[in-house]
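Report on the following structure.
The values are calculated or read from the model by the stated rules, or taken from the named source; none is laboratory data. Everything numeric in this text was worked out from a predicted model, so none of it was measured. All Cβ positions, even for glycine, are placed from backbone atoms using ideal geometry, and neighbour counts span all protein chains on display.
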Amino acid sequence: MKKVIYKIAILFVAVSLVSCEKGLMNFDNKLADVYFSDAGRSINALAFDSLYVSFSYSKSQDSIRDVIVAVTGSPVDHDRAYKAVINPLSTAISGTHFEALPQNFIISKNKLSDTIKLKLLRTPEMQTNSYFVIIDLVSNENFGTNLSTRLIAGKPLKTISTKILFNDIVRKPKLWIDSYWGVFTRKKLFYVCDFLEITPEYMDAGMSVAENSALPKIVQRHLNTLKAAGKTVYEDDNTEMKMGPSAQ
């Protein structure tokens, strides 16, 4: 009887050791999670982390945006592939509004992050319409997506989806006063900036009260000179470009 009890005890210990070993194995082999490390920079109506890009004041035909991807855990001594795909809810079209993403993404050995280079392409329709592209991180054999949200100001935001909103819609600078500069138009803004050798950003924040009064008069005198020479400057709707009544 004692031998039977002894054998049962040995068998119980052996099973316990195997169970513990399996438990440790599962813990040790748990997948790291992949996530967008800069999630939460801004909040938008669709509850994704978002980045807004405006071409409006830019002279470039494209814009490259860095999207940072990070992983949990410790660095390892080999490269690890992770998966990122374009969400079908995106309104931007691959190949038209942005360059297609590569098929493979890699967290390099001894690293805990990677940068997706998203190249946005400027198109004429962006002057009147906004577009967005959503990138989703997807689990694979190397990484899970359990770190799916984080709390920002008490609000849960997704960390495995990121949204980039972009357009080429020109807004009126904050310091633009219609009585001096006239009715705001895209063409007038860039004409004024080219002639005065200033930037839209300067008209947005750096222009003094005195400049806001004097500069439109200088532009109007220039427009008058061109008109007298038979070189009238027209808006896109074929009306004569003019400054506001206070600059006449």
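Here are some notes:
- For region 200-241, residues that are out of contact with any Leu (no Cβ under 7 Å at 6 or more places or on another chain) and touching a residue at least 40 places away in the same chain (Cβ under 8 Å) total 3.
- Any hit, region 120-130, residues being in contact with a Ser or Thr (Cβ under 9 Å, 6 or more places away or on another chain) and assigned to a strand (DSSP E or B): yes
Every residue, every condition in (1) of a type in the set (A, V, I, L, M, F, W, C); (2) surrounded by 10 or more Cβ atoms within 10 Å (Cβ to Cβ), yes or no:
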position: Ile218; (1), (2): yes, yes
position: Gly230; (1), (2): no, no
position: Val233; (1), (2): yes, yes
position: Asp237; (1), (2): no, no
position: Glu240; (1), (2): no, yes
position: Gln248; (1), (2): no, yes
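- Scanning region 78-102 for residues that are closer than 20 Å to Leu120 by Cβ and either more than 20 Å from the chain's Cα centre (by Cα) or part of a strand (DSSP E or B) (or both) yields a count of 5.
For every residue, the table says whether it meets (1) out of contact with any Lys or Arg (no Cβ under 7 Å at 6 or more places or on another chain); (2) in contact (Cβ under 8 Å) with a residue 60 or more places away in the chain; (3) more than 29 Å from Lys30 (Cβ to Cβ).
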{"residue": "Val76", "(1), (2), (3)": "no, no, no"}
{"residue": "Leu89", "(1), (2), (3)": "yes, no, yes"}
{"residue": "Ile93", "(1), (2), (3)": "yes, no, yes"}
{"residue": "Leu101", "(1), (2), (3)": "yes, no, no"}
{"residue": "Asn110", "(1), (2), (3)": "yes, no, no"}
{"residue": "Val133", "(1), (2), (3)": "yes, no, yes"}
{"residue": "Leu147", "(1), (2), (3)": "yes, yes, no"}
{"residue": "Arg150", "(1), (2), (3)": "yes, yes, no"}
{"residue": "Phe166", "(1), (2), (3)": "yes, yes, yes"}
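- Residue match in region 118-141 (condition: out of contact with any Asp or Glu (no Cβ under 8 Å at 6 or more places or on another chain), aliphatic (A, V, I, L, M), assigned by TED's automatic domain parsing to the domain that holds Ser58 and surrounded by fewer than 17 Cβ atoms within 10 Å (Cβ to Cβ)): yes
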